[in-house]
Structures are given as structure tokens and as C-alpha cells.
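J.: I have a structure I would like to understand better, so I am pasting it below and will then ask my questions one at a time.
The values are calculated or read from the model by the stated rules, or taken from the named source; none is laboratory data. Quick caveat: nothing in here was measured; it's all calculated off a predicted structure. A quick note on method: Cβ atoms are made from the backbone with ideal geometry, for glycine too, and the neighbour counts reach across all protein chains shown.
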Amino acid sequence: MKKRLVLKPFVIPTLYTAFALVVIVSLFFSIEVTSEKENLTYVNGAILDEYVPVVNVEEKIGKPFTDQSVVIANNYYDYQSTEEEQQSSILYHENTYIQNTGINYKSDNPFDVVSILSGEVIEVEEKELLGKSVTIRHDNELISVYQSLGEVSVQKGDKVQTGQVIGKSGSCQLITSSKNNLHFELYVNGTIADPENYYDKTIGEF
């Protein structure tokens, strides 16, 4: 004969109480989650509209100095320029007239010479006519050359940044207009170019 399961009197009220507690707790958490969702601010791709890159991938070519007192002593010799401009681009040394392959800058006072763009120093030397010289290779086959320096503060293999001081103005045998000179040359794809045509441009523009 099978035994019948008989629940004690206090069991049923206990089960009802437990069930009610489960329902109440579930409702409570449901309300909390809903409240949290209502307080959230959802974002989408529009947040990228005001994104500003940390690194400027399009650096602008700067001038090889920052001192505002620096002026041009001799321009770059351009075959297509006027006769007057060409005359100001001629250097004279030991009874010989030489077409200027760069720009000669000068000032009444010594001035810092800076890199026009980020790059790597590939040569540091002293030349007979143009004195201490630093050559920097940049991206896109751009080469900048700084000559007639009085001091050099970098060495071959150094990585430099735009505007970094690489030396001081100085003097040399070829340029006698001032004791504070810089002879600056720029090579674009292996060809000598007038630096004044490239300042404030990015490498991607040529």
C-alpha cells in the first residue's frame, strides 16, 4: 500500500512566501536596470566627426630658422627669374662668379638653425668653402642641406623633428656678407630647388 505524501501545515505558507520574495526581487532588479538604461547616453559614429589626430601626418615644411631678424642675403639662382633677381643670386669668390644653388640667410646676431621637417641626419662634415655642413633626409626623397654653420648640435644617424635646433649660424669663405650666415639648399627628387617655393607646403603637395 502506497504512502501518501502529507505536507505539514507550515510548509505551504513558507513556499508562498519564498515565491513572493522571488517575484519582488525580480521586479526590483528589472526597475533598476530600466532606470540605468534610461540614464545612459548612447553614441554612434558621429563621435568621430570631431576627432583630432594625435600625430600630424601632414607636417608643413618650415624655414630653417625661427629668428624674425633673419633676412635673405642672396637668393636662389633661377634661370627664369628677372635679370635683377639673377644679379642678386650671384656669388663672387676669387675672381669667379658663381650661381647660387641655395639661399643665403643672414642676421646681425647669431641665430639658431633648425630642421625644416622631421628626418634623419645623413651627413655632418666641414667643407672648404661653405664650412660646417649638416644634411638631413626627409620623406618623399626630400633632402635639406645647412651650411656655413658656426656650431653643429647633431651627428650622423640622429633622428630630428620639425623645428629642432641642429646648429648655429656662422661664417665661411664663400659668403662674406655677414658673420652670422646660413647657406641653405633643398633637393627635391634629386634636383636642386628654390627653398622659398616649398615653405609652408606639405610633402604631399609635390
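J.: For segment 161-176, indicate whether the set of residues that are among the β-branched types (V, I, T), outside any loop (DSSP other than H, G, I, E, B) and modelled with pLDDT of 85 or more is non-empty.
T.: Checked against the condition, which is being among the β-branched types (V, I, T), outside any loop (DSSP other than H, G, I, E, B) and modelled with pLDDT of 85 or more, segment 161-176 yields at least one hit.
J.: For the subset of segment 75-109 comprising residues that are assigned to a loop (DSSP other than H, G, I, E, B) and among the aromatic types (F, W, Y), which member is nearest to Q147 (Cα to Cα)?
T.: Y76
J.: Which count do you get for residues in segment 71-112 that are of a type in the set (A, V, I, L, M, F, W, C), surrounded by 15 or more Cβ atoms within 10 Å (Cβ to Cβ) and free of Cβ contacts under 8 Å to residues at least 60 places away in the same chain?
T.: 0
J.: In addition: Restricting attention to segment 177-206, and to residues there that are crowded, with 17+ Cβ neighbours inside 10 Å and of a type in the set (A, V, I, L, M, F, W, C), which single residue is nearest to E151 (Cα to Cα)?
T.: Going through the qualifying residues, I end up with L182.
J.: Give V134, V124 a once-over and let me know the one that is surrounded by 18 or more Cβ atoms within 10 Å (Cβ to Cβ), more than 15 Å from F184 (Cβ to Cβ) and either out of contact with any Cys (no Cβ under 6 Å at 6 or more places or on another chain) or β-branched (V, I, T) (or both).
T.: The unique qualifying residue is V124.
J.: Mind checking whether some residue in segment 124-133 is of a type in the set (S, T, N, Q) and either under 16 Å from E196 (Cβ atoms) or under 19 Å from the mean Cα position of the chain (by Cα) (or both)?
T.: no
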